[in-house]
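Encoded as C-alpha cells, the structure appears first; notes follow it.
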Amino acid sequence: MAENIQVINEVTMSDTDVKCPGCGATVKYDPATLKMVCPFCGATKELPPPEAGAVIEELDFNTAIQRASVNWGTVRKLIVCSNCGAQTLYDASQVSGLCPFCGSTSVMPASENEQIMSPGALIPFSIDNITAAKRFAERLRYAHFIPKAALNSRLENFIGVYLPFWTFDTDTVSSYIAKIGFEHSDSEGGTYYTYKKYKGVRNQFIDDMVVYGTDKIRSPQITKVQEYNFSKLVPYKPEYLAGFAAERYTVGLNDAWERAKILINNKLKNDIGQYEKGIHRGDIVKGVDLSTNYYNVKFKYILAPMYFATYTYGKRTYTVVINGQTGAVDCATPSNLGRIILFIILGVLSIAITGYILMFLAAIFGITL
C-alpha cells in the first residue's frame with residue numbers, strides 16, 4: 001500500500017524532541033501517562049504540564065498572514081485521499097496508506113509549495129486506545145437489535161487524528177431594532193399578541209466562537225461526537241502530535257471568519273432579543289434586526305483529538321469515531337432483521353389485543369367508544 005503515498009511539502013525542522021535518546025526510534029505521546037514513550041526500549045520522557053495561567057496567544061486578524069507560523073516543530077508530510085478529499089499530516093517517519101476518514105487506500109498529492117499554518121494550541125488526547133476500545137464495546141452492548149455475534153467485534157485500522165478548528169474573539173457594537181410580543185386574552189378565552197419595537201445599541205465581547213476547519217470531512221458521525229471542552233486547551237507542542245496524524249484545515253482564515261460572523265450574528269440576535277424581552281416583560285421575541293461593527297478581532301488555530309477505526313461484521317465494514325477527549329462514540333451497527341420483524345409483529349399484536357379488550361369491556365358496560 002505504500003506506493004499510494006505521496007510526500008507533499010516536506011519541510012526539514014528539528015525533530016530531536018520526538019526521537020528516543022537511547023535507541024533513536026520515534027517515540028509517541030501516551031495520553032494515559034502524559035509521557036513520551038519509546039515502544040522499543042521503553043524509555044520515557046514526561047511532558048511539562050502547562051503552567052498555571054499559561055497564555056495561548058491569539059493573533060490579530062489583520063496581521064495574521066504576516067505573523068502566521070508554519071513551523072510544526074517536526075518534519076511533516078501531507079497525503080490527500082482521492083476518495084473523500086481528506087488532507088492529513090503525518091510524521092515524516094510514519095507510513096500510512098489508509099485514509100482514517102473513509103478507509104480508502106487511494107491518496108493523491110496536494111499542490112506543492114503550499115504553506116500550512118501550524119496550530120497555536122490543542123486539546124491533547126486524554127484517553128488512550130485501550131480506553132477508546134472499551135468505550136466502543138460499551139456502545140455495541142447498548143445498541144438496539146444488534147446480532148449477538150457482533151458484540152465480539154474488534155476494532156481495526158485504529159488511528160488517532162487531530163481535527164482543525166478556528167476560534168475568534170472580537171468586540172462588537174451593534175445598533176438594533178427588536179420586535180417584542182405581548183400576550184393578551186380575548187373575550188372568548190383565546191390569546192393574541194401585540195408587538196412593540198425597541199431600538200438600542202449593544203456592546204458585547206464575543207469569546208471563542210468556534211468554526212470547524214474543514215469541509216472535506218462531512219461525516220455525520222464526527223458531528224455527533226464533536227463536543228469538546230475548549231477550556232482545556234494547552235499551548236501547541238510538537239510532542240503532543242507524536243504518533244498521531246493531524247487533519248489540515250481546508251477552510252481558510254478568511255472563510256472561517258465569514259462563517260464566524262454568521263454565528264456571532266445569530267448569538268447577538270438571541271442575546272438582544274432575550275434582553276429586551278426581559279426588561280420590557282414581553283412574552284415572545286418576534287425578531288431582531290441589527291447592524292454590527294467588529295473591533296479587535298483575534299483568532300486561534302487549534303487542534304482537537306478524534307479516534308477513527310473500522311470493524312467488520314459479515315461482509316460489511318463499519319466506521320467508528322471516538323472523541324479523544326470525552327470518549328463519546330458513534331458508529332453504524334448491523335441489524336438483526338429477525339428481531340426487528342418480531343418486534344414489529346409483537347407491537348401490532350399488542351395494539352390489536354388492546355383494541356379487542358377495550359371493545360369487549362365497552363360491550364359489557366354499554367360504553368360507546
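What follows draws every value from the coordinates through simple rules; no lab data is involved. If you're wondering where the values come from, they're calculated on a predicted model, not measured in any experiment. All Cβ positions, even for glycine, are placed from backbone atoms using ideal geometry, and neighbour counts span all protein chains on display.
Here are a few things to note about the model shown:
- Separation between Cα centres of the stretch 288-302 and the stretch 188-246, rounded to whole Å: 14
- Theoretical gain in end-to-end length, TYR192 to LYS315 [0.36 nm per residue, Cα-Cα removed]: 38.3 nm
- Exposure proxy ranking for LEU263, LEU155, based on other Cβ atoms within 10 angstrom of each Cβ and starting from the fewest, stands as LEU263, LEU155.
- Residues HIS280 and ALA149, FRET efficiency given R0 of 35 Å [Cβ-Cβ distance, rounded to 0.05]: 0.05
- Note on SER231, SER219: ascending count of other Cβ atoms within 10 Å places them as SER231, SER219, the fewest first.
- Estimated FRET transfer efficiency (TYR142, GLU227; beta-carbon r; R0 25 Å; 0.05): 0.85
- Within the stretch 234-314, the proportion of Cα pairs with more than 17 Å between them is 68 percent.
- Ranked by how many other beta carbons lie within 10 Å on average, peptides 169-181, 236-248, 185-197 from highest: 236-248, 169-181, 185-197
- Listed by chain and number, the lysines whose C-alpha is less than 27 Å from the C-alpha of LYS224, apart from same-chain residues fewer than 8 away, are LYS134, LYS148, LYS216, LYS232, LYS261, LYS267, LYS269, LYS300, LYS315.
- Peptides 319-325, 124-130 ordered by average Cβ neighbours within 10 Å, highest first: 319-325, 124-130
- FRET efficiency, 1/(1 + (r/R0)^6) with R0 41 Å, evaluated for CYS84 and ALA32 via beta carbons: 0.85
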